[in-house]
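These notes are about the structure you will find just below.
The values are calculated or read from the model by the stated rules, or taken from the named source; none is laboratory data. Owing to the predicted nature of the structure, the values given are computational and were not obtained by experimental measurement. FYI the Cβ positions are ideal-geometry reconstructions off the backbone, even for glycines, and counts take in every protein chain you see. For the accessible areas, the whole protein counts, side chains as well, though only heavy atoms, and no ligand, DNA or RNA atoms are used. Shrake-Rupley method; radii C 1.70, N 1.55, O 1.52, S 1.80 Å.
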Amino acid sequence: MIRMGFHRYRHWLRFALVVLGLPLSASGLAQSLSFGIYSRLSPDYLTPTVEVTLPLGDLDLHARLQRDALGVGLGSALEFSALGRVSYQVQASLGFAGWGVRGNASGTFGPVAANVEALYSNTLRNSLWVGEEAEGGLKAGILGRYRLDPRQTLGLQVGFKSDLAGIARGAAELSYALRQTQTYTFGLGIDDARIYGLLGWRGELDEAGTLLEATLRAGQLWRLEAALTAPLDEELNNLKLRLTVAYPWTTTLGVEAYGFRADASYDGGFSLWLRYTLSFGGNE
């Protein structure tokens with residue numbers, strides 16, 4: 001009975017959101033449209049959130065809006081036949097608290113995969129978008145992977161931060177992944193002079209294809225990340241669960257299914273973000 005009630009509620013809510021999205025979808029503009037509401041305690045904060053992606057030829061226009069900030073971005077991808085692929089995005093945000101810019105690019109060329117990101121804001125980035133971290137200033141990083149053979153991959157990640165007070169910090173992480181029936185990852189890292197070890201595991205739990213991925217960083221820094229993906233039906237709908245626990249104590253828990261998404265977190269204060277996303281097709 002509970003399952004039937006949930007599906008009835010889901011269908012009615014989906015119908016209402018489709019009606020709201022009809023002006024964009026009917027004109028062939030919208031690729032995706034997301035509505036949400038975000039609430040935080042200590043300090044108290046409540047805002048609706050809207051995200052929309054519009055295809056513009058070979059480009060995708062991304063826009064996001066909350067109560068006191070607006071962000072826009074452009075993204076695209078370049079194909080190099082069998083050689084590889086590069087995707088990139090630039091983004092700018094403006095709000096009552098300040099402004100921020102971001103650029104990132106990722107690509108694969110044969111056995112090499114890399115991601116480069118740089119961003120700057122003159123205020124805390126979560127004041128420009130509730131899904132961002134509570135940090136400001138300059139942040140840059142590069143992540144690279146090299147596939148030694150079909151079973152072995154080396155990874156290297158290097159990052160740099162300079163916060164609003166001008167305090168600079170660096171981080172680096174080296175990893176090795178071995179793929180058998182499951183994938184095992186081992187590594188070492190340093191983050192702001194804190195040294196830690198890395199242990200990861202990724203594999204299917206059953207014949208239905210339920211996938212679990214978990215990564216533990218332990219030492220002078222502690223952080224556990226886990227993600228579970230389970231198929232729900234034959235229409236490629238999946239249940240996705242995400243958990244992150246770190247010390248000093250911060251926790252995030254995410255649940256996603258049938259276009260709905262809920263994210264709860266604690267980082268000295270509690271927050272909850274509820275969203276529903278409609279996909280209309282477009283530039284895939």
Selection from the range 38-58 of residues that are farther than 18 Å from ARG275 by Cβ and free of Cβ contacts under 8 Å to residues at least 24 places away in the same chain
ASP44, LEU56, GLY57
For the condition modelled with pLDDT of 95 or more, open to solvent by 30 Å² or more (accessible area, probe 1.4 Å) and on the phi < 0 side of the Ramachandran plot, what is the one hit in ALA118, ALA82, ALA69, ALA134?
ALA118
Kindly list the number of the only condition in (1) assigned to a strand (DSSP E or B); (2) in contact (Cβ under 8 Å) with a residue 60 or more places away in the chain; (3) among the aliphatic types (A, V, I, L, M) that fails for ALA134.
(1)
Which listed residue is open to solvent by 60 Å² or more (accessible area, probe 1.4 Å), at pLDDT 95 or above and not acidic (Asp, Glu), from GLN157, GLN89:
GLN157
Suppose we filter TYR9, TYR38 for residues that are modelled with pLDDT of 50 or more, at negative phi and either over 24 Å from the mean Cα position of the chain (by Cα) or surrounded by 15 or more Cβ atoms within 10 Å (Cβ to Cβ) (or both); which single one remains?
TYR38
Just to be sure I understand, how many residues within the range 88-126 are part of a strand (DSSP E or B), among the polar types (S, T, N, Q) and more than 16 Å from the chain's Cα centre (by Cα)?
3
For the range 209-217, does any single residue satisfy the condition of being on the phi < 0 side of the Ramachandran plot and in contact (Cβ under 8 Å) with a residue 24 or more places away in the chain?
yes
Being open to solvent by less than 60 Å² (accessible area, probe 1.4 Å) and part of a loop (DSSP other than H, G, I, E, B): is that true of ASP263 here?
no
Could you list, in sequence order, all residues of the range 149-186 that are touching a Phe, Trp or Tyr at 6+ places or on another chain (Cβ under 6 Å) and within 21 Å of THR108 (Cβ to Cβ)?
LEU154, TYR176, LEU178
Selection within the range 207-249 - open to solvent by 60 Å² or more (accessible area, probe 1.4 Å), out of contact with any Leu (no Cβ under 6 Å at 6 or more places or on another chain) and not in a strand (DSSP E or B):
GLU207, ALA208, GLN220, GLU234, GLU235, LEU236, PRO248, TRP249
